[in-house]
1. Only residues that are open to solvent by 10 Å² or more (accessible area, probe 1.4 Å) and either touching a Lys or Arg at 6+ places or on another chain (Cβ under 8 Å) or in a loop (DSSP other than H, G, I, E, B) (or both): list them for segment 368-404, please.
2. Are there any pairs, at least 6 apart or on different chains, whose C-beta atoms fall under 8 Å, with the first in segment 254-272 and open to solvent by 30 Å² or more (accessible area, probe 1.4 Å) and the second not in a loop (DSSP other than H, G, I, E, B), and if so, which?
3. Have a look at Arg44, Arg76, Arg7, Arg32 and point out the one that is open to solvent by 20 Å² or more (accessible area, probe 1.4 Å) and within 24 Å of Leu419 (Cα to Cα).
4. Among (1) part of a loop (DSSP other than H, G, I, E, B); (2) buried (at least 19 other Cβ atoms within 10 Å of the Cβ); (3) not small (Gly, Ala, Ser), where does Leu347 come up short?
5. Give all pairs with beta carbons closer than 8 Å in which a residue from segment 95-111 that is open to solvent by less than 70 Å² (accessible area, probe 1.4 Å) meets a residue that is part of a helix (DSSP H, G or I); count only pairs at least 6 apart in sequence or on separate chains.
6. Can you tell me which residue in segment 303-322 is farthest from Glu255 (Cα to Cα), limited to those that are open to solvent by 50 Å² or more (accessible area, probe 1.4 Å) and touching a residue at least 40 places away in the same chain (Cβ under 8 Å)?
7. Is there a residue in segment 242-251 that is farther than 30 Å from Val272 by Cα and surrounded by 17 or more Cβ atoms within 10 Å (Cβ to Cβ)?
8. What's the total number of residues in segment 180-234 that are more than 30 Å from Val357 (Cβ to Cβ), open to solvent by 20 Å² or more (accessible area, probe 1.4 Å) and assigned to a helix (DSSP H, G or I)?
Amino acid sequence: FKMFPGRVICKVLCSGEKEVDLAVQSAKVAFRIWSQMSGMERSRVLLEAARIIREQREEIATMETINNGKSIFEARVDIDISWQCLEYYAGLAGSLAGEHIQLPGGSFGYTRREPLGVCVGIGAWNYPFQIACWKSAPALACGNAMVFKPSPFTPISVVKLAEIFTEAGVPKGLFNVVQGGAATGQFLCHHPDVAKISFTGSVPTGIKIMEMAAKGIKPVTLELGGKSPLIIFSDCALENAVNGALMANFLTQGEVCCNGTRVFVERKILDVFTKEVVKRTQKIKIGDPLLEDTRMGALINQPHLDRVQGFIKQAKEQGAEVLCGGDLYVPDDPKLKNGYYMRPCVLGNCTDDMTCVKEEIFGPVMSILPFDTEEEVVERANATKFGLAGGVFTRDIQKAHRVVAALKAGMCFINNYNLSPVELPFGGYKASGFGRENGRAAIEYYSQLKTVCVEMGDVESVF
């Protein structure tokens with residue numbers, strides 16, 4: 001592999017209705033085998049897949065960097081989170097159980113936790129390999145099969161995951177990959193043998209998937225967009241808060257759904273915080289994402305780069321001040337000249353009614369907003385249709401817990417941001433979706449409960 005931004009790296013055939021049906025039917029056959037295995041047997045296969053990912057970490061991270069444009073430094077973290085996710089659900093697979101309930105006269109009832117069947121995963125382009133692991137690990141641990149459709153912008157690394165699962169010993173067809181765009185997704189959502197759909201992506205697409213799933217009464221997990229608040233109180237550890245703001249805005253070129261892009265700063269430290277954030281942002285090394293010291297690579301494609309640039313232009317027109325960055329970046333290396341690079345941007349003089357503050361930009365653009373009181377900032381933080389994440393920086397731990405309890409968001413951070421341990425559930429409120437990935441919570445969304453009532457005496461008829 002070599003990094004040539006702006007050039008085609010591969011061509012894939014879009015899966016039509018016939019190919020989607022083949023993938024689902026193949027998964028159905030594999031499901032019959034996999035679902036009858038014990039949790040411990042499934043656990044061993046998932047552990048082997050995790051081991052292979054660890055062993056091939058560098059190769060997969062390089063593939064992901066070329067796939068997405070993020071720095072190799074970040075891609076390695078993504079791959080580590082991926083194998084950790086498989087290990088975590090391998091650990092849970094053998095412990096999945098129902099409960100026993102005693103009833104009068106020696107009768108009893110029990111519940112069984114059973115798999116759903118063939119699940120569909122539809123991934124986003126910002127974390128292609130990691131999202132595929134977040135969806136497949138709990139699905140497979142619970143005994144399901146999965147047909148996965150990656151984004152057409154990042155088609156390659158998920159194919160590698162399918163190969164790894166096969167090498168690890170899953171039944172042939174248990175994890176299938178189909179390629180394509182909206183049409184392929186529609187075939188998957190409408191397929192009568194699909195039991196559940198898990199989607200990561202935009203709100204408009206999430207709405208369409210929910211509508212399609214409703215026709216077949218299929219359960220869905222939706223992990224959608226965000227416009228998350230990051231609240232910086234004056235009693236914070238300043239350097240830590242600055243680090244948090246950078247982590248909350250510039251990972252993966254700012255193309256992260258839970259980013260804390262509305263940075264609310266208590267007015268008494270507004271100037272010093274802003275000055276430090278701008279200084280640090282200007283030092284971010286942009287360029288070839290395969291170089292070890294690069295910290296920001298290229299955005300996903302030209303239309304998306306144009307869209308992000310449009311948001312910055314509109315922000316200036318509405319009165320925001322570009323404190324740094326926001327312009328296109330052309331690296332010195334001639335082989336990178338066609339890359340979709342831009343300098344990370346910090347916007348000052350922002351107000352809550354600006355488009356850059358209300359809409360998800362999904363690029364390296366931070367908006368800084370001053371506030372005066374806790375009550376005020378909580379109200380403003382919640383004044384959004386989104387509810388994916390939120391963060392608080394303060395040394396006052398009581399205040400920290402009080403504020404996150406008041407935030408209408410599914411994933412909250414105290415004195416850190418954008419950490420995603422696989423042990424913790426991840427998902428949003430409001431328009432950011434519903435259902436949870438990771439943690440024990442995901443088991444609920446990849447299994448169903450069966451209740452069995454056992455009568456030990458004779459049936460007393462009322463007839």
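The values are calculated or read from the model by the stated rules, or taken from the named source; none is laboratory data. Bear in mind the structure is a predicted one, so any value in this text is a computation, not a measurement. FYI the Cβ positions are ideal-geometry reconstructions off the backbone, even for glycines, and counts take in every protein chain you see. Please note that ligands, DNA and RNA were not included when accessible areas were found on the heavy atoms of the full protein model with its side chains. Shrake-Rupley method; radii C 1.70, N 1.55, O 1.52, S 1.80 Å.
1. Taking segment 368-404 first, the residues open to solvent by 10 Å² or more (accessible area, probe 1.4 Å) are 370, 372-376, 378-380, 382-386, 395-399, 401-402, 404.
Answer for segment 368-404, where residues must be open to solvent by 10 Å² or more (accessible area, probe 1.4 Å) and either touching a Lys or Arg at 6+ places or on another chain (Cβ under 8 Å) or in a loop (DSSP other than H, G, I, E, B) (or both): Pro370, Asp372, Thr373, Glu374, Asn382, Ala383, Thr384, Lys385, Phe386, Arg395, Asp396.
2. Close Cβ pairs (under 8 Å, with a partner that is not in a loop (DSSP other than H, G, I, E, B)) amount to Arg267/Pro370; Arg267/Phe371; Leu270/Ile368; Leu270/Pro370; Val272/Leu238.
3. From the options Arg44, Arg76, Arg7, Arg32, the qualifying one is Arg76.
4. (1)
5. From segment 95-111, the pairs are Ser95/Gly39; Leu96/Gly39; Leu96/Ala141; Leu96/Ile443.
6. Filtering first and then ranking leaves Gln314.
7. Of all residues in segment 242-251, those farther than 30 Å from Val272 by Cα come to none.
For segment 242-251, residues farther than 30 Å from Val272 by Cα and surrounded by 17 or more Cβ atoms within 10 Å (Cβ to Cβ): absent.
8. Going through segment 180-234 one residue at a time, the tally reaches 7.
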